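Report on one structure; see the data block that follows.
The values are calculated or read from the model by the stated rules, or taken from the named source; none is laboratory data. Quick caveat: nothing in here was measured; it's all calculated off a predicted structure. Neighbour counts run over all protein chains shown; Cβ positions are idealised from the backbone, glycine included. Just so you know, the surface numbers come from the protein's heavy atoms only, side chains and all, with ligands and any DNA or RNA stripped out. Shrake-Rupley method; radii C 1.70, N 1.55, O 1.52, S 1.80 Å.
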There are 2 protein chains.
Amino acid sequence: MTPDQLSATFAALADPTRRAILARLAAGETTVNELAAPFDMTLPAVTKHLKVLEGAGLITRGRDAQRRPCRLAAQPLQEACDWIEKYRIYWEQRFDNLDAYLEQLQQDRKEHPPQRRKPHGK
Amino acid sequence: MTPDQLSATFAALADPTRRAILARLAAGETTVNELAAPFDMTLPAVTKHLKVLEGAGLITRGRDAQRRPCRLAAQPLQEACDWIEKYRIYWEQRFDNLDAYLEQLQQDRKEHPPQRRKPHGK
């Protein structure tokens, strides 16, 4: 995958409606009309989103001229996932650091328990 | 993470220079000048990319007014990864289908080996 194809994938995902369309298509192929219904969008607006998704290779359209059903094509998602996965160590490390910090805090409290204040008036 | 934050993350990743900046920052924090050097870009151009990355929460800037070092903040990548991961079954299924198809092909060839043509002239 060239860098520009990866950019096209991420750009296509950078919109909640397009992500919702992909989620709908994950349940099975469907026509543009069926896709448009739950979104309360005009057909041209949905078609515009579909063109972006198709351009990024995230959907394919059937050949039936009347229906042209849309189908999820998950392959570019795999490549996007592979790119992001390289950074897994950085977000996991963040939690490791937090874990280490909390353990240290617990250890400190065991070794130096907070002193109880004397009750008032005694 | 709200849908708009997820959109901001994907939009920030939809550019090869910004992805290269993140890759550089994965190796350690650095100043804007150091970041700009390998990219052959003007400082304002790099600064513009950094603003997009910072807006998406993918980098943080240090408080030192002179240097303002940039640091990778991988947390939004985890959320982007979680979103894409939901589709893993679809791209894996694709390869499962291919595997099944190739196995079937192999089986068919075993059961019905291609007939050898008779040599010419015999």
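Kindly evaluate B:Q93 against the criterion of being under 25 Å from A:L13 (Cβ atoms), out of contact with any Phe, Trp or Tyr (no Cβ under 8 Å at 6 or more places or on another chain) and within 13 Å of chain A (Cβ to nearest Cβ).
Here the answer is yes, as B:Q93 does meet what is asked.
Kindly provide the set of residues from the stretch A:19-34 that are closer than 19 Å to B:K86 by Cβ and either open to solvent by less than 30 Å² (accessible area, probe 1.4 Å) or free of Cβ contacts under 8 Å to residues at least 24 places away in the same chain (or both), ordered by number.
A:R19, A:A20, A:I21, A:L22, A:A23, A:R24, A:L25, A:A26, A:A27, A:G28, A:T30
Based on what the data block shows, is B:L50 in contact (Cβ under 8 Å) with a residue 60 or more places away in the chain and in a helix (DSSP H, G or I)?
Spelling it out, it is not the case that B:L50 is in contact (Cβ under 8 Å) with a residue 60 or more places away in the chain and in a helix (DSSP H, G or I).
Table: residues versus (1) within 11 Å of another protein chain (Cβ to nearest Cβ); (2) on the phi > 0 side of the Ramachandran plot; (3) in a loop (DSSP other than H, G, I, E, B).
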site: A:Q5; (1), (2), (3): yes, no, no
site: A:R18; (1), (2), (3): yes, no, no
site: A:A23; (1), (2), (3): yes, no, no
site: A:A37; (1), (2), (3): no, no, no
site: A:M41; (1), (2), (3): no, no, yes
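If I filter the stretch A:40-90 down to residues being touching a Ser or Thr at 6+ places or on another chain (Cβ under 8 Å) and open to solvent by 40 Å² or more (accessible area, probe 1.4 Å), which single residue comes out as nearest to A:G28 (Cα to Cα)?
My answer is A:R71.
Could you check the stretch B:25-35 and list, in sequence order, the residues that are assigned to a helix (DSSP H, G or I) and acidic (D, E)?
Of everything in the stretch B:25-35, just one residue is assigned to a helix (DSSP H, G or I) and acidic (D, E), namely B:E34.
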